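Worksheet: the structure to be examined is printed underneath.
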Amino acid sequence: MDLYLLDTDNELNSEWDRQITHQLYGGDWENRIKQEILLGIGGMLALKKLGIKKDVYHCNEGHAALMGLQRLVDLVQEEGLSFNEAKEVVRASGLYTCHTPVPAGHDYFEEGLFYKYMNEYAPKLGIEWHDLIGMGRTNPEDNTEKFSMSVFALNTCQEANGVSWLHGEVSKKMFSPVWPGYFPEELHVDYVTNGVHMPTWAASDWKKVYQKYLPKEWIHDQSNLDMWKAYADIPDAEIWATRIGLKRKMVDYIKQQFREDWMKSQGDPARIVRALNEMKPENLIIGFGRRFATYKRAHLLFTDLERLDKLVNNPNYPVQFLFTGKAHPADGGGQGLIKRIIEISRMPQFLGKIIFLENYDMRLAKRLISGVDIWLNTPTRPLEASGTSGEKAQMNGVLNFSVKDGWWYEGYVEGAGWALTEHRTYENQAHQDQLDAATIYQMLENEIIPLYYAKNSKGYSPEWIQYIKNSVTKITPRFTMKRMIDDYFAKFYNKLAKRHSMLQADNYKVAKEIAAWKENVAAHWDEIEVVKKEGPEDLNTLNVGDKFSVKVELDTKGLNDKGIGVELVAVRTSTHNNDKLYEVEPLNLVKTVGSLLFFENTYQLDYAGGMKFCLRMYPQHELLPHRMDFCYVRWI
């Protein structure tokens, strides 16, 4: 696979432009929009210069969303398509993957700033400025709304996905305002759970074991659960020998790499020697390594220092915690967490037991995810989009102890790791943090530490090895890059490539037909008249099992098209203003007379709770990929 990198630090550029790519997420919002113009528009221009043309374009997060804008310009100016025709082609070959579960994590630009750099693109497309900036607004008619790269990506990509099942559900709720008239659970937003590249992240020691015991073709079929069944037959002693060998390598690496830095920063050589001597591969070692954002809750372990003191200083069951990671330069809260952990690590009772490793990089990450016994993850649910550090640990016989959020919501298997429930007990986050912290202490004290130290005469715990076997055979193959890529092809790439080919065939014949149909519907949508609708006068008089009929008569007037659908939408009502979609049932088109359409159907009431019934009208066409592709809705 070829990788092309974009860089503005070129002597032909101005002094100001050369700095655009100096720092990821660096500078102000103006530098940010420059970076995203470079990524999206510059990326497409670079591919064109290289002569690379593809069937599917995958926008990974909203930062590259402007790739769709450049593709639109190329189709309008080079292929002679209208803007609406070009939009059909671009959408049919576009996939947008969201990685961020909260609106604040998406980029929004003031109209004035966006206009400064993008005003020439509306004339290139043959549209008004209002129409262009409206493609980046949840409500295109709201002139006060900022331009969202994510909304623009959703409007220029046919398909969208989150990066875990739970994140997909969160994304549906987050993006539902983009498609008014539909409930979040109806949206086309899907998911592909992230996976990690096993050949990169599995330690060479483990790959030798895999090659020795697994079928020869395992590396080419990593996501096949059957391929991993042989792992359960590996002798316990060999699994432990591999684990303890990697722990020694990690401990040696830390002592070699950090001794000098610690001497400089802490000053007292005796303290450093003591801390280094405390690090022993035989101890239970728990790792926490990731970006230090406050929602990751690295502070949970330190809510009860007295209890933590007893836990790490038990002479019979020694435990060590290794922390590492970096905070965003603008994240004062994350930086404060790091400072606090370092302060605690220097307290006499925690010296050598709580260790913060600075200068987190890929080399240190590889040592940790293969060397620790447990990978700890404590995000505020449901703010973990996916999380891949724990998946990397999986490849190396490391057990996960995590909140059931992101990938672990799908990955957790009893007897193969540990989990904090995904359900909230308290709305107050501080109270929830206290409960989760207490649960972590309790599980460590009563389950995890005793399991690890239930060692036999050979120096290891057979029960712990069984957890490793369960983890590798039942979890690891489900979170490989191989499985992830297979999912993208099965769910998106093949479907998009097929539709893109259909729309561009015969000089874009089908794309032009769909664009013309949409233009006709849009022009006459407000003219459609509800002539008559019939249904029960009072649904409260009906009992479960009772049947009722619904009839609707529409006059489509100048539309002259039968592509209108009507459906009954049933909603469960709630006293907490949290109505839930129950079911959607279509009405049958039973007769047409000129511009009149007659719909009817009979339904049976099968739910005893509070219900609301509504009728929804929408345009329909056999070539639409899904409803959100042409989101015209009217409640009648």
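The values are calculated or read from the model by the stated rules, or taken from the named source; none is laboratory data. All figures in this text were calculated on a predicted structure; none of them were measured in a lab. Every residue, glycine among them, receives a Cβ derived from its backbone with ideal geometry; neighbour counts consider all protein chains shown. For the accessible areas, the whole protein counts, side chains as well, though only heavy atoms, and no ligand, DNA or RNA atoms are used. Shrake-Rupley method; radii C 1.70, N 1.55, O 1.52, S 1.80 Å.
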The aspartates and glutamates whose Cα lies under 16 Å from the Cα of Lys580, excluding any fewer than 8 residues away in the same chain, are Glu169, Glu185, Glu186, Asp606
Over every pair of different alpha-carbon atoms in the range 42-88, take the mean of 1/r and invert it; report that Kirkwood radius in Å.
11.3
Once the mean 1/r over all distinct Cα pairs of the range 1-77 is inverted, what Kirkwood radius in angstroms do you read off?
13.5
Distance from the range 364-403 to the range 451-478 (C-alpha centre basis), Å:
17
What is the extension gain from His197 to Met1, computed as 0.36 nm multiplied by their sequence separation minus the C-alpha to C-alpha distance, in nm to one decimal?
69.2 nm
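Looking at the range 486-526 from every direction and averaging, what is the projected area of its Cα convex hull in nm²?
Mean orientational projected area (the range 486-526, Cα hull): 3.7 nm².
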Global geometry of the range 414-554, whether rounded, prolate or oblate, following the gyration tensor of its Cα atoms and the 1.5 cut on a/c
oblate
Rounded, prolate or oblate: pick one for the range 484-636, where a ≥ b ≥ c are the square roots of the eigenvalues of its C-alpha gyration tensor, a/c under 1.5 means rounded, and failing that, prolate if a/b is larger than b/c, else oblate.
oblate
What is the distance in Å between the Cα centres of the range 268-314 and the range 1-56?
41
The range 387-439 accessible area per residue, 1.4 Å probe, protein heavy atoms, integer Å², reads 36
Could you give the spread of the C-alpha atoms of the chain along their three principal axes, from largest to smallest, in whole angstroms?
92, 74, 50
Between the alpha-carbon centers of the range 175-247 and the range 501-539, tell me the distance in whole angstrom.
45
Relative contact order [Cα under 8 Å, 6+ residues apart], the range 149-289, whole percent:
15
Quick one: work out the % antiparallel among DSSP beta bridges in the chain, nearest 5.
55
Kindly count the pairs of lysines across the range 170-230 whose alpha carbons are less than 20 Å apart, treating pairs on different chains or eight or more residues apart as eligible.
6
Whole-number accessible area per residue in Å² for the range 126-255, which is evaluated in the context of all protein chains at 1.4 Å:
40
Between Tyr253 and Asp9, what FRET efficiency comes out of the Förster formula 1/(1 + (r/R0)^6) with R0 = 25 Å and r the beta carbon distance, rounded to 0.05?
0.15
Once label points are set 7 Å from the Cα along Cα→Cβ at both Ile636 and Lys557, what is their separation, rounded to one decimal in nm?
1.3
Determine the share of the chain's accessible area contributed by carbon and sulfur atoms, expressed in whole percent, with a 1.4 angstrom probe.
49
What value does the range 371-495 have for Rg/Rh, both radii from Cα atoms and Rh as Kirkwood defines it?
1.03
Report the Rg/Rh value for the range 287-387, based on alpha-carbon coordinates and the Kirkwood definition of Rh.
0.95
Students often forget the sequence filter, so: which lysines lie under 24 Å Cα-Cα from Lys591 once same-chain residues fewer than 8 apart are removed?
Lys518, Lys532, Lys533, Lys547, Lys551, Lys557, Lys562
Starting from the Cα coordinates of the range 1-147, work out the convex hull volume and express it per residue in Å³.
141
With +1 on each Lys and Arg Cβ and -1 on each Asp and Glu Cβ, how big is the dipole of the range 129-207 about its Cα centre, in debye rounded to the nearest 20?
240
When each of Lys366/Lys474; Lys247/Lys310; Lys146/Lys339; Lys54/Lys404; Lys280/Lys339; Lys34/Lys326 is checked by Cα-Cα distance, pairs over 31 Å:
Lys146/Lys339; Lys54/Lys404
